[in-house]
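Reading through the structure tokens given below for one structure.
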Amino acid sequence: MNSLAARIAAMSGIMIALSFVCVAAQAGEGAGPFAAGRSDTVRTNLWLAESLLAEVAAEGVAALPQDGGRVRLQSALDTPAAHLFQTVATGLLADRGYEVFLDTGEEGVPAPVDYVFGYRVLGVQLDYPEVGRTLGIWRNWVGREVEVSVMLELSEAATGRVLLNRKVDRGYRDRFDDHELGRVESPLYDFTTAEIKGSGWQDRMEEVVVLGTLAGLVAVYFANTSD
């Protein structure tokens, strides 16, 4: 009788432990506003950053008179993110018929222009704020957030009249399968890589503790059933 009671108690413990693990897993997988996407639609971090910067640049272009004038792009900072913004802004301006001049920073008289498109890329931020796990242990998807912030200062070159002076923010959130991590990141830009939340040694230790607890409960159960 005692042996049967011990077996029931051990098995109950196993079921309770598994229930907690499953609940934790379901909570992790369902948390957050991330929408799952098919693997063939997962965009790289660089593509997302470039697209968000293009949205910001488009807001600046919209503030210019639609006369196909001469525009000088002028960055307040010399950073990789600023170079990326310059590329997308140049393309947008050219597509809309503007003649684009770049501020090279060299001494001399710059080419006369109609408008000055000034900008300061304040930040391009990538985060992996949460992950989904199978049984609360094995990571199967990664949540992703990309945010950009740019200060735009557009003016008429001849008069200095301000056309736009505004900080513009854009962001994007989604999630992707864990095996896609190596594909979405790029070594070209620091802002296309980030540390995944839940990948530290503390989290690994928690996984080991969970596995050890389950293994111990199983061992207790079989030890009792062998009596």
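The values are calculated or read from the model by the stated rules, or taken from the named source; none is laboratory data. Please read these numbers as outputs of a predicted model, since none were measured by experiment. Don't worry about glycine lacking a Cβ; one is built from the backbone with ideal geometry, like all the others, and counts go over all protein chains shown.
Miscellaneous remarks
- Among residues of region 23-64, those that are modelled with pLDDT of 95 or more and more than 24 Å from residue 182 (Cα to Cα), counted: 11
- From 102, 77, 84, residue being among the aliphatic types (A, V, I, L, M) and over 25 Å from the mean Cα position of the chain (by Cα): 102
- Residue list for region 140-164, restricted to those being free of Cβ contacts under 8 Å to residues at least 40 places away in the same chain and within 13 Å of residue 128 (Cα to Cα): 145
Here is a yes/no grid of residues against (1) out of contact with any Asp or Glu (no Cβ under 7 Å at 6 or more places or on another chain); (2) surrounded by 17 or more Cβ atoms within 10 Å (Cβ to Cβ); (3) in a helix (DSSP H, G or I):
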residue	(1), (2), (3)
49	yes, yes, yes
61	yes, yes, yes
65	yes, no, no
89	yes, yes, yes
94	yes, no, yes
